[in-house]
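Take a look at the structure below.
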Amino acid sequence: MATQIRFLPDDVTVTASVGEPLLDVAQRAGVTIPTGCLMGSCHACEVELEDGDTIRACITAVPPGCAELTIHLFSDPTW
């Protein structure tokens with residue numbers, strides 16, 4: 001099943017497969033998500049979903065059963 005991933009504030013939309021790592025999806029879309037440890041412990045890759053939940057993109061994959069997913073990118077000047 002294909003999922004439409006929309007990255008804000010850039011307003012870039014890309015099609016992704018269930019289980020595909022979000023960092024890979026972002027890279028393919030030309031969107032930069034800062035990373036640090038790539039294990040989720042440093043929180044550099046935190047992004048916010050449309051419902052307000054915060055996830056770490058380095059350890060999160062495209063979830064099943066979701067036709068669309070909107071991701072709000074944070075802008076943290078320390079990363």
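The values are calculated or read from the model by the stated rules, or taken from the named source; none is laboratory data. All figures in this text were calculated on a predicted structure; none of them were measured in a lab. As a convention, Cβ positions derive from the backbone with ideal geometry for all residues, glycine included, and neighbour counts pool all protein chains shown. Note: accessible area is taken over every heavy atom of the protein model, side chains too, but ligands, DNA and RNA are not part of it. Shrake-Rupley method; radii C 1.70, N 1.55, O 1.52, S 1.80 Å.
So what are the ³J(HN,Hα) numbers for the stretch 5-12, from phi and the Karplus equation (6.51, -1.76, 1.60; θ = phi - 60°), rounded to whole Hz, Gly and Pro as x?
9, 10, 9, 10, x, 5, 6, 10
Scan around residue 70 for amide H atoms under 5 Å from its own, H built in the peptide plane at 1.01 Å from N, and keep only partners 5 or more places away or cross-chain.
When sequence neighbours closer than 5 places are left aside, the close amide H contacts are 6, 50.
Ignoring ligands, DNA and RNA, please state the percent of accessible area on the stretch 8-79 from carbon and sulfur, probe 1.4 Å. Don't skip to the answer; put the middle values down first.
Values: 2120 of 4250 Å².
That fraction is 50 percent.
7 Å from Cα along Cα→Cβ at both residue 42 and residue 6: what's the point-to-point distance in nm?
Result: 3.1 nm between the two label points.
Spelling out what I want: for every residue of the stretch 13-27, take phi, set θ = phi - 60°, compute 6.51 cos²θ - 1.76 cosθ + 1.60 (Karplus), and round to whole Hz; glycine and proline get x.
3J(HN,Hα) across the stretch 13-27, in whole Hz: 10, 9, 8, 9, 9, 4, x, 6, x, 4, 5, 5, 4, 4, 4.
Given a 1.4 angstrom probe, what's the average accessible area per residue across the chain, in square angstrom? Mind showing how you got there, number by number?
Values: 4610 Å² over 79 residues.
Result: 58 Å² per residue.
Can you give the net charge of the other residues whose Cβ lies under 13 Å from the Cβ of residue 61, counting K and R as +1 and D and E as -1?
Numbers: positive: 56; negative: 20, 24.
Around residue 61, the surrounding residues sum to -1.
Whole-Hz Karplus ³J(HN,Hα) for the stretch 54-64, in order, using 6.51 cos²θ - 1.76 cosθ + 1.60 and θ = phi - 60°, x for Gly and Pro?
9, 10, 9, 5, 6, 10, 10, 10, 4, x, x
Within the chain, what percent of beta bridges assigned by DSSP are antiparallel, to the nearest 5? Present the calculation step by step, with values, prior to reporting the outcome.
Details: 13 of 18 bridges.
Antiparallel bridges: around 70 percent, rounded to the nearest 5.
What FRET efficiency comes out for residue 67 versus residue 32 if R0 is 35 angstrom and r is the Cβ-Cβ distance? Round to the nearest 0.05.
Values: r = 25 Å, r/R0 = 0.72.
For R0 = 35 Å, the calculated efficiency reads 0.90.
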